[in-house]
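Written below as structure tokens is the structure these notes are about.
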Amino acid sequence: MHHTQVTLLGTKGGPAIRPGTRMPTSLLIQMDGMTVLVDAGLGVSRALCDAGMALTDLDAILITHLHSDHYLELGPLLHTAWTAGLNTPIAIYGPEGLTQYWDSFLQAMSFDIELRLRDEGRPALAPLAQIHVLNTGDMALGSLQVKVMRNTHPPIIDSFALRIEGQEHSVVLSGDTAPMEEMVSFAQGADLLVHEAMLSAGIDALCARVGNGDDRLRLHLERSHTPAAEAGRIAKDAGVARLALNHLVPCDDPDFTEAHWQEETRCTWDGPLFIGTDGMTISL
Ligand SMILES: [Zn+2]
Ligand SMILES: [Zn+2]
């Protein structure tokens, strides 16, 4: 039997970082001998190393949607894995548009990449990323089965929740989404639901502090993300064994602490609860 665990590498919702904040979104699933990275937000390369992973050990990468806090560091991660000795292709699944990102990244770094090919005898970098378009439905990922469901994250249409199943365990990731009833059946009976969450009480303070947006930021948050109490209700209705909250909004306001997250989520969920922090490992 293989050890199954999920490591939350970055648990902050949104792209901006400030002194003392968590890092944007990425997480690692180790299940049935497979090592799968989901999302590649800023800081993912460092976080993988801090979690004890060699960058060359990834079997696959899934990108849930093309907001920068979920893929800004994908190119730098692959480039750094390449300089760390990567020489077998990694399967990457993401929305349409990811290929353009990768091609443009290679273009942007062409001076360095061509230099390293010539000067250090590295293998070609481009073919090490085998990019596929992520679609709704079922797909095999090595020894794992992955179910893909479109979630509710306007204005982005190609945004996905994932259910990853091995021989004995299942993990469901909500992705960035407003609460959706379909998540209840999608997550039914999972060993772990990792759901995005925002703290209702913290949204006013967040909007006041950001300073360079307008009401559209609040509207975006309210129609595209999930209050923590709703994440708890979905977990309860789905009968999952454990709930972890990630993509926390806000998570860099000292007025709001773990206790506030606990309080809001405990209104609806009384099972095992993990308020995500960067580097947190959850064993199944
Ligand atoms: Zn996000
Ligand atoms: Zn998003």
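Tabulated values for the structure
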quantity: Square roots of five times the Cα gyration tensor eigenvalues for segment 210-277, Å; calculated: 24, 15, 9
quantity: Debye-sum result for segment 40-183 in log10 I(q)/I(0), which assumes one identical scatterer on each alpha carbon, at q = 0.09, 0.10, 0.14 Å⁻¹; calculated: -0.30, -0.37, -0.71
quantity: Whole-Hz couplings from phi, Karplus 6.51/-1.76/1.60, listed for segment 35-44; x for Gly and Pro; calculated: 10, 10, 8, 10, 6, 9, x, 3, x, 5
quantity: Three-way shape call for segment 1-46 based on the alpha-carbon gyration tensor, with the a/c threshold at 1.5; calculated: prolate
quantity: Whole-Hz ³J(HN,Hα) from phi, Karplus 6.51 cos²θ - 1.76 cosθ + 1.60, for segment 95-103, glycine and proline x; calculated: x, 3, x, 5, 4, 5, 4, 5, 4
quantity: Built amide H within the under 5 Å cut-off of Thr35, gap 5+; calculated: Asp59, Ala60
quantity: Pair Arg18, Ser68: separation of 7 Å Cα→Cβ label points (nm); calculated: 1.7 nm
quantity: Lys/Arg +1, Asp/Glu -1 at C-beta; the chain dipole; positive extreme among Gly175, Ala231, Asn135; calculated: Asn135
quantity: Charge dipole magnitude, Cβ of K and R +1, D and E -1 - the chain, Cα centre, debye nearest 20; calculated: 160 debye
quantity: Relative contact order (%) - criterion: Cα under 8 Å, at least six apart; region: segment 24-104; calculated: 30 percent
quantity: Within-13-Å neighbourhood charge of Pro24 [Cβ basis; K, R +1; D, E -1]; calculated: -3
quantity: ³J(HN,Hα), Karplus 6.51/-1.76/1.60, whole Hz, each residue of segment 15-23, x for Gly, Pro; calculated: x, 6, 10, 9, x, x, 7, 5, 9
quantity: Among 186-192, 58-64, 85-91, the order from most to least packed when residues are scored by Cβ within 10 Å on average; calculated: 58-64, 186-192, 85-91
quantity: Segment His220-Thr99, length gained on full extension (0.36 nm per residue, minus Cα span); calculated: 40.9 nm
quantity: Per-q log10 I(q)/I(0), the chain, q = 0.09, 0.10, 0.14 Å⁻¹ (Debye; single scatterer per alpha-carbon; no solvent); calculated: -0.41, -0.50, -0.98
quantity: Cut-off under 5 Å, modelled amide H: who pairs with Gly175 long-range; calculated: Leu162, Glu196
quantity: Segment 163-236: C-alpha gyration tensor shape, a/c 1.5 cut-off, then a/b vs b/c; calculated: prolate
quantity: Exposed-site-free run, longest, the chain (rule: GluC sites (Glu not before Pro); DSSP loop; at most 16 other C-beta within 10 Å); calculated: 182-284
quantity: Part-to-part distance (alpha-carbon centres) for segment 30-91 and segment 236-276, which is given in Å; calculated: 26 Å
quantity: Percentage relative contact order, segment 5-283, counting C-alpha pairs under 8 Å, at least six apart; calculated: 19 percent
quantity: Under-5 Å amide H pairs with His132, H placed in peptide plane, nonlocal only; calculated: Ile92, Tyr93, Gly94
quantity: Bins of 5 Å from zero: percent of alpha-carbon pairs in segment 114-207; calculated: 3, 11, 16, 17, 13, 10, 8, 9, 7, 4, 2, 0
quantity: Accessible carbon and sulfur surface of the chain relative to its total accessible area, %, 1.4 Å; calculated: 51 percent
quantity: Residue-normalised accessible area of segment 5-283, given per residue in Å² at a 1.4 Å probe; calculated: 42 Å²
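The values are calculated or read from the model by the stated rules, or taken from the named source; none is laboratory data. Just so we're clear, the structure is a prediction, and the values are computed from it rather than from any experiment. Every residue, glycine among them, receives a Cβ derived from its backbone with ideal geometry; neighbour counts consider all protein chains shown. Surface accessibility is based on the protein's heavy atoms, side chains included, excluding ligands, DNA and RNA. Shrake-Rupley method; radii C 1.70, N 1.55, O 1.52, S 1.80 Å.
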